[in-house]
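Presented below is the structure to which this report refers.
The values are calculated or read from the model by the stated rules, or taken from the named source; none is laboratory data. Just so it is clear, the model here is predicted, and its values are computed rather than measured. As a convention, Cβ positions derive from the backbone with ideal geometry for all residues, glycine included, and neighbour counts pool all protein chains shown. Keep in mind that these areas ignore ligands, DNA and RNA; they rest on the heavy atoms of the full protein, side chains included. Shrake-Rupley method; radii C 1.70, N 1.55, O 1.52, S 1.80 Å.
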Amino acid sequence: MTGRRSRAVGWTMVAALTLAGCTARPPAPPPRDPGVPAGALRLVAFDSCDEALRQLRAATKASVGPWGLGPDGDIVPLAAAERAPVGAVAKDAGASPAGFSGTTVHEAGVDEPDLVKTDGRRIVTVARGVLSVVDPASRRLTGRLVLDATARGGAANLLLHGDRALVLLPTRWDTAPSVPKGRVAPAVAEARLVLVDLGGAPTVIGEYRIDGRLVDARQVGATVRVVVRSAPRLAFPQPARATDAQRIAANRAVVDRATLDDWLPRYEVREGGRRTTGRVDCGRVSRPAGYSGAALVSVLSFDLGASTLGAGDPVTVVADGETVYSSGPRLYLANDRRWRPRSATGSPDDTTEIYQFDTAAGTPRYVAAGSVPGWLVNQYALSEWNGHLRVATTTGDPWAGGRRSSSGVYVLRADGATLTRVGAVTGLGRGERIFAVRFLGGTGYVVTFRQTDPLYTVDLRDPAAPRVTGELKINGYSSYLHPAGDGRLLGVGQEATDRGRVQGTQVSLFDVVDPTRPTRLAQHHVPQGWSDAEGDPHAFLYWAPERLVVIPVNRPGVATDRAGAEGTRGAPGSGLLALRVGDGGFTVAGTVEHPPALADGAEWTPINRSLVVDGVLWTVSDAGLKATALAGWRTLAWVPTT
């Protein structure tokens, strides 16, 4: 995921917001928005559908550029817009007492979609449009279902509950039909969900499609919230010869003629041999105090315990949302504004807006909002503890020269409708940016980097007076931090020279028992390597019963041997590295490689994920699954899925 639009890891949104809405003819005039207090950001409903259309037109006209709007409603030239794939945001999980590992998630009890799931009885994977079911006891493929025969790229993900799997297929992009000649056709995205019954042979029991790009999803129990981001379906003119001012004027004229149907997402449900269609109702559309009108986020709700998929009960917010954090009872949506020029000079708005919702029971309810300077690295930059929200951000550009960037940790608390700042510590890593954050109870760990890697420990026990208590400077950086118990912290990232030149994947073991003196106890370096776990901790596994760290590692141009040491130059090396964490550091427990996917003519097959079921390490790639005994590190089975 590269490019400024590829921050899919971080583009996520809130679960099922039921916000009091508008109707075309309300029985009584609703109270008008009294305005937004200084420093506050609030979500409110439109007074009516006519008022919604008026305000959406006005906001979009103010935002439209000479080349229209980007595919997600971003204010960028269409030719420069990059289509971001569905991705997953950073997560964390520990060992399961049931004898199997789960998906690494940020908070226990809040599951997140991934390309493989297990409940201990079955392993379910989805790759290249095909869902596969493996029995971990017999180590055989017991089910296979083609969901999308045209799948060529993009990662599908799934969620599991009982005998049901909800598959989130890659967003499908197309060009709007019937666009007049000479106009820019909007890029139309379609999010697709498939509900599969796993009780016998895998069978599709429902399909759901909606306008927009699939952002992310969250699951608590049987309830799944799916987030979709969409843009208005507007075809802008593209005159052969015109000034920017003339193009903007022509584009604004298109907006003036648009109807509410051009903004509101349409959906289609197929189940039980029936096909039904619908559209998000304007009465369930809300807006923040400031918005462009060019991006909408719809939240869908599904019950995997029900007999049907249903219409998703869509609710839409006229806003952007790239990062979501849920503590369980509360959910926070963060909107990073740095890519959206706001000032007359076109300079970025270097702030992040944060919205808080109560999700303790029933339909989520908006509570409060606020903002902090800077931008987030991912959802781990947010954490709630004892009724306070801790937020770590970077302000400025570390690559602009000089020392224009720095980072800080802000502590917020809901005060009425406003998330009020009650404390902050700033000035961390001047000239650098945040690469990783981990909040554990009353302590925060922040990694910044440009040439060296300061690991800061921050005391947050007094929310009004957070303070840095320790700092460790080492070469390289960690981009993911994971607790390992007993005052230990694991880090996965890149080793680097004194000048900041990266040298390959490194796994670090930190001693943080004394927060005033963090130290690194051990390091394992894979020269020239890189790991998916560095940017997507779904690929990271820590199996606490065995004190085992498992990550995929790829080394282009380097062959590997069974001991994991660097071998001779040759074909690209790809496999899985397992390290055992001892009191004195790391030892290599073993490595795993998958056979190449010969159907693709590939010479090597990247391993994407790993999981443990009853003492067996299962590794997952597009080619299949391999079972390896943790005791003795013997290969037990290879289960092809292609």
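Under the condition of being open to solvent by less than 10 Å² (accessible area, probe 1.4 Å) and over 20 Å from the mean Cα position of the chain (by Cα), the residues counted in the stretch 94-126 number 3. Scanning the stretch 227-254 for residues that are at pLDDT below 85 and crowded, with 23+ Cβ neighbours inside 10 Å yields one hit, V227.
Checking each residue in the stretch 127-152 for being within 24 Å of R213 (Cβ to Cβ), open to solvent by 50 Å² or more (accessible area, probe 1.4 Å) and touching a residue at least 60 places away in the same chain (Cβ under 8 Å) picks out only R128.
Assess whether Y355 counts as being crowded, with 18+ Cβ neighbours inside 10 Å, aromatic (F, W, Y), modelled with pLDDT under 85 and more than 25 Å from A165 (Cα to Cα). The answer is yes for Y355. With the requirement that a residue be on the phi > 0 side of the Ramachandran plot and either in a strand (DSSP E or B) or crowded, with 18+ Cβ neighbours inside 10 Å (or both), what does the stretch 433-481 give you? G476, the sole residue that qualifies. The set of residues in the stretch 622-639 that are open to solvent by 70 Å² or more (accessible area, probe 1.4 Å) and either of a type outside the set (S, T, N, Q) or within 17 Å of T142 (Cβ to Cβ) (or both) comprises A631, R634, W638. Being in a loop (DSSP other than H, G, I, E, B) and buried (at least 20 other Cβ atoms within 10 Å of the Cβ) holds for only one residue in L331, L309, and it is L309. All of (1) within 28 Å of A368 (Cβ to Cβ); (2) open to solvent by 40 Å² or more (accessible area, probe 1.4 Å) hold for R430 with one exception: (1).
Residue pairs whose Cβ atoms lie under 9 Å apart, separated by 6 or more positions or on different chains, with the first residue in the stretch 285-308 and free of Cβ contacts under 8 Å to residues at least 40 places away in the same chain and of a type outside the set (A, V, I, L, M, F, W, C) and the second in a strand (DSSP E or B) and open to solvent by 30 Å² or more (accessible area, probe 1.4 Å), are S307/I205. If the condition is being open to solvent by less than 70 Å² (accessible area, probe 1.4 Å), closer than 19 Å to V188 by Cβ and of a type outside the set (A, V, I, L, M, F, W, C), then the stretch 260-291 contributes D262, P265, Y267, E268, G278. Screening the stretch 52-80 for residues that are small (G, A, S) and buried (at least 18 other Cβ atoms within 10 Å of the Cβ) and picking the one that is modelled with the lowest pLDDT gives G73. Every test in (1) open to solvent by 30 Å² or more (accessible area, probe 1.4 Å); (2) more than 26 Å from Y325 (Cβ to Cβ); (3) assigned to a strand (DSSP E or B) is passed by R499 save one, and that test is (3).
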